[in-house]
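Engineer: Could you have a look at this structure, given as structure tokens, before my questions?
The values are calculated or read from the model by the stated rules, or taken from the named source; none is laboratory data. The shown structure was predicted, so the numbers you read here are calculated from the model rather than taken from an experiment. Glycine gets a Cβ as well: all are built from the backbone with ideal geometry, and neighbour counts include every protein chain shown. Ligands, DNA and RNA are stripped out before the accessible areas are found, and what is left, the full protein with its side chains, is counted by its heavy atoms. Shrake-Rupley method; radii C 1.70, N 1.55, O 1.52, S 1.80 Å.
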Amino acid sequence: MKLEWTEPDQQFLSELRAFLDEHTPVEAANGFDFQGEANGDAIIAPWLQAWQAKLFDNGWMIPGFPPELGGRNCTPSQTMIYLEELSRRRVPRATHFPGYAIVGPSLLEYGNDDQKTLVSAAIRGDTIWCIGMSEPDAGSDLAGLTTRADLDGDTFIVNGQKVWTSYAMVASKCFCYVRTDQQAPKHKGISLLIIDMDSPGIEVRPLTHINGQAEFAEVFFTDVHVPVCNLVGELNGGWAITQGSLAHERAGLWVDGVARLEQTVTSLVELAKANGCHDDVGVRRKIAAMHELASSLRSLGYKGFASYAQGSSAPEHSYMKLASSEAGKAAFELGMEILGPYGAVTDALRGAENGRWVNSFYISFANTIAGGSSEIQRNIIAQRVLGLPRN
Amino acid sequence: MDFSLTSEQDLLATTARNLLAKQCPPALVRSHVTDRSVQAPLWACLRDYAELGRNNCTDLCIFLEELGYVAAPGPFFASVALFAGLLESLDADSALRDATAAGEIVGTVAVAGLNGFWVPSDDLVKSFIVDADIADHIALVHATDSGVVVTVLTNPGERALTPVSTVDQSRRFFEWDTGDEIGGIIPCSPEAWSAFIDRSHVAIAADMVGTARRLFDMTLHYAKEREQFGKPIGSFQAIQHKLADMSLVVERARASVQYASMTVDAGSADRTRACHVAKAAAGRAARSALLEGIQIHGGIGYTEEHDLHLFMRRATASEYLLGPTSWHLDRISDEIFA
Ligand SMILES: Cc1cc2nc3c(=O)[nH]c(=O)nc-3n(C[C@H](O)[C@H](O)[C@H](O)COP(=O)(O)OP(=O)(O)OC[C@H]3O[C@@H](n4cnc5c(N)ncnc54)[C@H](O)[C@@H]3O)c2cc1C
């Protein structure tokens, strides 16, 4: 155990800092507090897309990857240093995570040589991807999905519906899980297809988020033709990839979750001061308890990272997902409590910072639902980490 | 930054675990409630590890976690974590430090006044002196007009110590009216005080995390064995989710203890804050482990026949020792509101 970073790690950090000092877009400075939601109307802000490309071109998009994939072959601990520095500065890599966080890594692992050529554009953000997993009747129970793909010669004919599909209205490709065997047990009849979003038969109906923005959609498939070469991995082997792609997402997520929580705690302190309740013991203790939570989660994340870097599976990631998403909600709630009668006010005249506490509170609901709800995380911890029987 | 244990540390943890499983079974903790002498043979085994008091805090905490896991009675915590810690930060008389590190003498510290908080005060009555009845040295920490001073006295057992009973018998506490015994020969600088108290906070946190982990392990085991409605209670989701939450709070407390002990060894600027966080996190873990632990055990957990209460008692007392959780939260808020 040791606290300091090694010489090469420090060198890595100073290179990163120099790059960020020089190139961080001005827009990043105010648009990304709390929930990391971009201000403005565009689903994917143009400046952010340019920023993602610049990170890629300079080897700072996924630093653990080789240069041709937007990285610089850095070590796992350097990856953590990188994620921490970005979070600390509240600088996003991109808002549309599917391409670089899920599609890229999954194609590298499961894709064939042709499909691997799609990876660099996914990570650079040149291709916008969406992920078609959830359906009206298959949310937590993802394996219950019924969107079907029937093979006809060298073409799959896809019929069905996806829902909550983030970025579907701007995406050019969908990483879509479909049922290819109606008879097999539910986990064994799922395949993964790459579907072009401009294929005839696809209809996208945007759904408005709880915060008023339309960032996800319903996607309907009616006799959509997909060439068989767009099958990723084995036919009926899709389930293994779902497990993999979620793991990619979770591995780096904790740094961000914890960093946001820490920033929220700092903002709570400022809010309490601004509202004259900084001497209130009750308020102080609640904020201190939030600090304790954020701080101990950071340590837990480091610990999980240590075992992950040594190649063992790290249960810490389920813990981190569960704890940081729940804590986020509680922290925003505390902000509203401090605001008292003005807790729910959102206007510019009287609402504290345009209602950002209550807005963040609402947006934070997504974190305990999407990507495996808190209940599902607890099931995973109980059954896979603690070895309790399935129910 | 590297949170993985070295192979020596892994070995230390395993050695401690095996040694304590053998030397400190629940039966010993139980008989210690009425027979104080049973701690002596245990200390005879543990004194070989007294040198941990002057070495890495990370190693000390690894060991203390295992002591908390078995709710070990005896002077290890008082002497190796507290007394040695104080001597080392004061750079005190080397013969005394050597003898303590060799486990040849047993010491304890008198810090808290009657108000119970571990903050140097001019209160002549000192309280919560840990295991003073079995110590042969006592370091008295006293606040004077010219700063904090420490007096090391011998044979506290011969003095008029009044027991302070808590729910827990694995550690004993005493109150002592020091009268005119305060000689104050060793000055204790603010830096030395803070080095000592920070280390003590993470030390008790490590012990407490061990006890919380024990409560959790016993409860998990019980949930797998106990059947109702024809299946293990651990297959019910309400129980699974409680266990998932318990394990989370215990694991994050463990990690925060590990981090805090690393800041102590590194002399990091983050040390004081990290040690308060560790104690508060461990306090929450202990509380949650005992509440849910009892609940999941049902009626059997409510009896003294079952061993669970031994650990529940230790956890409760640890939660209040060296500053209750709320006091540590107040120190954290002092820091973040500064
Ligand atoms: C902002 C946002 C973005 C999203 N983006 C995408 C996307 O891009 N692509 C995509 O495919 N999906 C996306 N989703 C969908 C998300 O993955 C699902 O919402 C999630 O898996 C939960 O499914 P559900 O909404 O059908 O809820 P349900 O599964 O119906 O769950 C309802 C409630 O029941 C509980 N529950 C369900 N099963 C169990 C169980 N076994 N034990 C205990 N409790 C249980 C849940 O925890 C929840 O509280 C997104 C969701 C949100 C909120």
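Engineer: So how tilted is helix B:190-225 from the main axis of chain B? Cα-based, degrees 0 to 90, rounded to 10.
Structural biologist: 20
Engineer: Return the long-range amide H neighbours of A:THR6 (sequence gap of 5 or more, or a different chain), with a cut-off of under 5 Å between placed amide H atoms.
Structural biologist: Long-range HN contacts for A:THR6: none found.
Engineer: Across 5 Å bins from 0, what is the distribution of all Cα-Cα pair distances for the range B:153-260, in whole percents?
Structural biologist: For the range B:153-260, the pair-distance distribution reads 2, 9, 11, 12, 13, 13, 11, 8, 7, 5, 4, 3, 1, 0.
Engineer: Still on this structure, I have one more. Given bins 10 angstrom wide, list per bin the percent of all Cα-Cα distances in the protein assembly as shown, short to long.
Structural biologist: 3, 13, 21, 22, 18, 12, 7, 3, 1, 0
Engineer: Which net charge results when you count Lys and Arg as +1 and Asp and Glu as -1 among the other residues whose beta-carbon is under 9 Å from that of B:PRO232?
Structural biologist: +1
Engineer: Structure shown: which of A:LYS273/A:LYS329; A:LYS116/A:LYS186; A:LYS329/B:LYS242; A:LYS286/B:LYS279; B:LYS22/B:LYS242 lie over 24 Å apart, alpha-carbon to alpha-carbon?
Structural biologist: Cα-Cα > 24 Å for A:LYS116/A:LYS186; B:LYS22/B:LYS242; rest within.
Engineer: For the protein assembly as shown, what is the charge dipole size about the Cα centre, in debye to the nearest 20, if Lys and Arg each add +1 at the Cβ and Asp and Glu each add -1 at the Cβ?
Structural biologist: Value, rounded to 20: 1300 debye.
Engineer: Right, next: Considering only DSSP beta bridges where both residues belong to the range A:129-235, give the percentage that are antiparallel (nearest 5).
Structural biologist: 85
Engineer: Across every pair of different alpha-carbon atoms, what Kirkwood hydrodynamic radius in Å does chain A reach?
Structural biologist: Taking the inverse mean of 1/r over all distinct Cα pairs, chain A comes out at 22.3 Å.
Engineer: What FRET efficiency, computed as 1/(1 + (r/R0)^6) with R0 = 60 Å and r the Cβ-Cβ distance, is obtained for B:THR303 and A:HIS225, rounded to the nearest 0.05?
Structural biologist: Calculated value: 0.30.
Engineer: Would you grab the residues whose amide H sits under 5 Å from the one on B:VAL164? Only those 5+ places off in sequence or on another chain, please, with H modelled 1.01 Å from N.
Structural biologist: Those qualifying (amide H under 5 Å, at least 5 residues apart or on another chain) are B:PHE173, B:PHE174, B:GLU175.
Engineer: Just to check, using Stokes-Einstein with a Kirkwood Rh over alpha carbon pairs, what's the diffusion coefficient of the range B:193-338 at 10 °C and 1.306 mPa s in µm²/s?
Structural biologist: 100
Engineer: Cα extents of the range A:142-264 along the three principal axes, largest first, in whole Å?
Structural biologist: Cα spread of the range A:142-264 along its principal axes, largest to smallest: 55, 29, 23 Å.
Engineer: Report Rg (one decimal) and Dmax (nearest whole number) for the range A:7-95, counting Cα atoms only, units Å.
Structural biologist: 13.0, 43
Engineer: Also: Can you give the Rg to Rh ratio for the range A:252-385, taking only C-alpha atoms and Rh from Kirkwood?
Structural biologist: Ratio value, two decimals: 1.04.
Engineer: To the nearest 10 Å², what's A:TYR308's accessible area with a 1.4 Å probe?
Structural biologist: The value for A:TYR308 is about 110 Å².
Engineer: If you take every DSSP beta bridge fully contained in chain B, what fraction is antiparallel? Give it as a percent rounded to 5.
Structural biologist: 85
Engineer: Right, here's the next one. Which angle between 0 and 90 degrees, to the nearest 10, do you get for helix A:238-274 versus the longest principal axis of chain A when only C-alpha atoms count?
Structural biologist: 20
Engineer: Let me ask something else about it. Could you give the radius of gyration (one decimal) and Dmax (whole number) of the Cα atoms in chain B, in Å?
Structural biologist: 19.6, 70
Engineer: In the full protein assembly as shown, how much of B:ASP177 is accessible to a 1.4 Å probe, in Å² to the nearest 10?
Structural biologist: Roll a 1.4 Å probe over it and B:ASP177 shows about 100 Å².
Engineer: To continue, here is another question. Taking chain A as the reference, fit the longest principal axis to its C-alpha atoms, fit the long axis of helix A:316-339 to the helix C-alpha atoms, and give the angle between the two in degrees, 0 to 90, nearest 10.
Structural biologist: 50
Engineer: So, in nm, how far is label A:TYR342 from label A:ARG205 when the simple model puts each one 7 Å beyond its Cα toward the Cβ?
Structural biologist: 4.1
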